[in-house]
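Let me begin by presenting the structure, written as structure tokens, before commenting on it.
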Amino acid sequence: MEKKYRTEPEGDLLRIIALEDFSNVKAGEKGGLIEKEENLSQEGDCWIYNDARVYGNARVWGNAKVSVHAEVSGNAKVCGDAEVSGDAKVLERAWVYGNTFVCDNARVYGDAWVYGKAMVYGSARVYGIAQIGGEARIYGEAEVCSNARVCEEARVYGRACVCGNARIYGNAEVYGKTWVGKNAQVFENARVSGLALVGENAWICGGAWVSGNVIISETLIYNILK
């Protein structure tokens, strides 16, 4: 296999240097930093740009891109057409793949997955064994953790926390300082905002709008509430 890059020492890491033209990279162009060749595949259009770093047992392959000051470390994997940029970090055993974006100051760690066309940005955190897929967006200071799932075109933002076995999907939005956990589900065109707490086996769906300082559990809310 012909190599597409070589390395030269720089501090405790290795600076990558392209040996051929591919994607938007030109031969001779310097890229980011790796600890060892196993961190960045010699195949595909994957690349590390600027001063981004990939180290430990982390791997980047396919057409994935890591840029600016982003870090990928531990046993994390970034592949497909995924992009990790800004000051974002993908750590531990997390997977980021598909056509996803993880950027700004976002963190994805633990055993979390981000896939499909999902985006995680701002200061958002995704961890535990949480999964973000479809065209979901997680941003602001939102947290999605434990075994939670956010998918389809759902949005979680502000300072919202989605945890436990909660499911957010459809065109649902969870925002403000809300907490959605246990086995709760928010879906279709539902909105949960303010200081609302939604837990146990609650279902919020249809065009329902739950906001303010309320606690919802063990119920189905389908109508519009304000």
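Below is a table of values for the structure above.
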{"quantity": "Flag for V90 being under 17 Å from N63 (Cα atoms) and hydrophobic (A, V, I, L, M, F, W, C)", "calculated": "yes"}
{"quantity": "Selection within region 191-222 - part of a loop (DSSP other than H, G, I, E, B) and in contact with a Phe, Trp or Tyr (Cβ under 7 Å, 6 or more places away or on another chain)", "calculated": "S193, C205, G206, A208"}
{"quantity": "Sole residue being in contact with an Asp or Glu (Cβ under 6 Å, 6 or more places away or on another chain) and within 22 Å of D81 (Cβ to Cβ), chosen from Y97, Y139, Y109", "calculated": "Y109"}
{"quantity": "Residues that are surrounded by fewer than 24 Cβ atoms within 10 Å (Cβ to Cβ), in a loop (DSSP other than H, G, I, E, B) and of a type outside the set (D, E, K, R), drawn from region 98-117", "calculated": "G98, N99, C103, N105, Y109, G110, Y115, G116"}
{"quantity": "Subset of region 118-139 that is surrounded by fewer than 24 Cβ atoms within 10 Å (Cβ to Cβ) and within 19 Å of A70 (Cβ to Cβ) - its residue that is nearest to the chain's Cα centre (by Cα)", "calculated": "M119"}
{"quantity": "Residue list for region 124-178, filter: closer than 14 Å to A196 by Cβ, part of a strand (DSSP E or B) and either in contact (Cβ under 8 Å) with a residue 40 or more places away in the chain or not acidic (D, E) (or both)", "calculated": "V156, C161, V162, I168, V174"}
{"quantity": "Lone unmet requirement of (1) over 19 Å from A88 (Cβ atoms); (2) crowded, with 23+ Cβ neighbours inside 10 Å for V144", "calculated": "(1)"}
{"quantity": "Any chance L40 is surrounded by 16 or more Cβ atoms within 10 Å (Cβ to Cβ), aliphatic (A, V, I, L, M), assigned by TED's automatic domain parsing to the domain that holds T100 and farther than 18 Å from W95 by Cα", "calculated": "no"}
{"quantity": "Enumeration of residues in region 51-82 that are within 15 Å of R93 (Cα to Cα) and in a loop (DSSP other than H, G, I, E, B)", "calculated": "Y55, G56, N57, A58, S73, G74, N75, A76, C79"}
{"quantity": "Residues (in contact (Cβ under 8 Å) with a residue 40 or more places away in the chain and out of contact with any strand residue (DSSP E or B) (no Cβ under 6 Å at 6 or more places or on another chain)) located in region 21-59", "calculated": "S23, Q42, E43, Y55"}
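The values are calculated or read from the model by the stated rules, or taken from the named source; none is laboratory data. In this text the structure is predicted, and so the values were computed from the model without any measurement. Cβ coordinates were reconstructed from backbone atoms using ideal geometry, including for glycine residues, and neighbour counts include every protein chain displayed.
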